[in-house]
Amino acid sequence: MIIIFLGPPGSGKGTQAKLLHQKLGGFYFEGGDVLRRKAEENSPLGKKIKEIIYQQGKLVPDNLMKKILEDWLADKDIKKGIIFDGFPRSLEQYQILKEILFKKGEKITKVIFLKVSEPVLVSRLSSRRVCSKCGLEFNLITKPPKNDEVCDSCGTKLIQRADDTPEVIKARLKTYFEKTQPLVDLAKKEKVLEEMDGERKIEEIHQAILERILH
Ligand SMILES: [Zn+2]
C-alpha cells in the first residue's frame, strides 16, 4: 500500500502517519525530517534548503524534492508499502510521485487528509517544543512533558523550533493551503482521497483511518 498523509502543520498528520506505520510496517518517508537533515549539511544545497524552509517559510523546489525522493527510493522494494508524511506538498510533487511509482508498477492507494480549523492549528503550533539534545517532540497542549519544559527521555531543556514562531507559522499555513488544495482536489477526483476530522483524540482518528484503509 502506498499511503499519503496530508494535513497542514499542526494537524497531527505526523503522529497518525507514525501510528499507521507501526501497524502496517513497510517504509516511511518523512519529508520534513529528510529536509531538516539536508539543511544541517554544510554544503551549498544544505544552506539553500535551510534558507528556504527556516527563514522564508517556503517549500523546497520540486526538482530538488524529486532528486531527494529518487535517491531515497533507489534501494527499496516498494511492494512492501510506503507511508508518505510531509510529501507530496503540491500538485506538481504529487504528479512526480505518481510518475515514479508508475514506472515501478505501483500507484497511490489512499490520500488521507486531516482537517483541522485554523485557530486550533495556530494554537497547537505555538505550543510545540522539541528536545535540543535527542530531538524528541512535545506539545504543551496535546503531548506535554512530565516535567515543565524538560525532555521526558533525557532531561534536557526543551526548545521551540526556529520555524514555530507566529510569523513563520502564518506563512507556513498560507503556503500550505495555496500549494496543497489543487492536490486535494485531484486526489478527490481520482477517488483516493479520505478526508478525516483531525480534531478528535489521537486514538479515535487512528481507528477511523484503519477502517477507511482496511475495509
Ligand atoms: Zn531529550
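The values are calculated or read from the model by the stated rules, or taken from the named source; none is laboratory data. This is a predicted model, so every value here is computed, not measured. Please note: Cβ atoms are built from the backbone with ideal geometry, for glycine as well, and neighbour counts cover all protein chains shown.
Selection of region 154-168 for residues being surrounded by 12 or more Cβ atoms within 10 Å (Cβ to Cβ), without any contact (Cβ under 8 Å) to a residue 60 or more places away in the chain and away from the ligand (no atom under 11 Å from the Cβ) yields Q160, R161, D164, T165. Here is the figure for region 103-151: residues that are touching a residue at least 12 places away in the same chain (Cβ under 8 Å), more than 19 Å from L19 (Cβ to Cβ) and not aliphatic (A, V, I, L, M) total 16.
For region 162-215, which positions are closer than 23 Å to I82 by Cα, assigned to a helix (DSSP H, G or I) and of a type in the set (A, V, I, L, M, F, W, C)? Matches in region 162-215: L183, V184, L186, A187, I202, I205, A208, I209, L210, I213, L214.
Residues in region 95-153 that are in contact with a Pro (Cβ under 6 Å, 6 or more places away or on another chain) and within 16 Å of the ligand (Cβ to nearest atom): F138, D152.
In region 74-106, what residues are among the aliphatic types (A, V, I, L, M) and surrounded by fewer than 16 Cβ atoms within 10 Å (Cβ to Cβ)? Correct list: A74, I78, I100. All of K179, K188 fail the test of being under 18 Å from S117 (Cα atoms) and charged (D, E, K, R), apart from K179. For region 3-28, filtered to residues that are crowded, with 21+ Cβ neighbours inside 10 Å and assigned to a strand (DSSP E or B), the residue that is farthest from the chain's Cα centre (by Cα) is I3. Only one of E70, E51, E118 is surrounded by fewer than 14 Cβ atoms within 10 Å (Cβ to Cβ), within 24 Å of D197 (Cα to Cα) and at pLDDT below 90. Can you tell me which? Among E70, E51, E118, only E118 is surrounded by fewer than 14 Cβ atoms within 10 Å (Cβ to Cβ), within 24 Å of D197 (Cα to Cα) and at pLDDT below 90.
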